[in-house]
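For reference, the structure discussed in these notes is given below.
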2 protein chains.
Amino acid sequence: MNDIKKLSDNEIDSRLQTIEGWTRKNDTISKEFVFDDFVAAFGFMTKVAMVAESMNHHPDWSNAYKKVGISLSTHEVSGISELDFSLAEKIDRLA
Amino acid sequence: MNDIKKLSDNEIDSRLQTIEGWTRKNDTISKEFVFDDFVAAFGFMTKVAMVAESMNHHPDWSNAYKKVGISLSTHEVSGISELDFSLAEKIDRLA
């Protein structure tokens, strides 16, 4: 895919300005989502799972009852690529 | 529910003998499952989610591609109860 290029620190910082609530930790961008209950949280995860599978780009994520924590990174480049931001935008639209 | 009683260390140890691959860490029992790919891993999670919701007893869990890590504990008793072992057995049957 064209998108798999490791972004520089400056590119990551400026791209982070375009999405809400995502923060960078080392080579990942992450965000926590809180829903009304487990069914809502897992329903969201199911939607994200389908998008992730169709992009062949998968999150590292966790769930505890109504909370979902998502971390994104691109293993192929050992860092953060545009794929991560593209998936983050899709995730935000599903939340 | 009748099952919500905090188990003693001895009770937990002997109950752990009855299930495979689960280990105790403080007030949780946990296990890691590895599948062929993301679809298999998330498919498993979906089945577990339905069982957990029907028991009204939910895991703390994480997923990274084909791996699923599950931790169980019973908040109501600040410890491990029979509910956790009951869910663990159901999870093992779904894996």
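Here is a yes/no grid of residues against (1) closer than 21 Å to A:Y65 by Cα; (2) assigned to a helix (DSSP H, G or I):
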| position | (1), (2) |
| --- | --- |
| B:S14 | no, yes |
| B:T18 | no, no |
| B:D36 | no, no |
| B:G43 | yes, yes |
| B:S62 | yes, no |
| B:S71 | yes, no |
| B:D92 | yes, yes |
I'd like the residue in region A:45-55 that is within 7 Å of another protein chain (Cβ to nearest Cβ) and not acidic (D, E) and, out of all such residues, is farthest from B:H57 (Cα to Cα). A:A49
Inspect all residues belonging to region A:56-72 and state whether any of them is more than 26 Å from B:D60 (Cβ to Cβ) and either within 13 Å of chain B (Cβ to nearest Cβ) or under 14 Å from the mean Cα position of the chain (by Cα) (or both). yes
Check region A:36-52 and report whether any residue there is over 25 Å from B:D37 (Cβ atoms) and open to solvent by 80 Å² or more (accessible area, probe 1.4 Å). yes
Of the residues in region B:73-95, those that are within 12 Å of chain A (Cβ to nearest Cβ) and open to solvent by 40 Å² or more (accessible area, probe 1.4 Å) come to B:H75
Residue list for region A:53-72, filter: of a type in the set (F, W, Y) and open to solvent by less than 20 Å² (accessible area, probe 1.4 Å): A:W61
Taking the criterion of being of a type outside the set (V, I, T) and within 11 Å of chain A (Cβ to nearest Cβ), would at least one residue in region B:13-20 satisfy it? no
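The values are calculated or read from the model by the stated rules, or taken from the named source; none is laboratory data. What you see is a predicted model, and the numbers here were worked out from it, not measured in a lab. Positions of Cβ are backbone-derived with ideal geometry, glycine not excepted, and every protein chain shown enters the neighbour counts. Accessible surface is based on the protein model in full, side chains and every heavy atom, while ligands, DNA and RNA are left aside. Shrake-Rupley method; radii C 1.70, N 1.55, O 1.52, S 1.80 Å.
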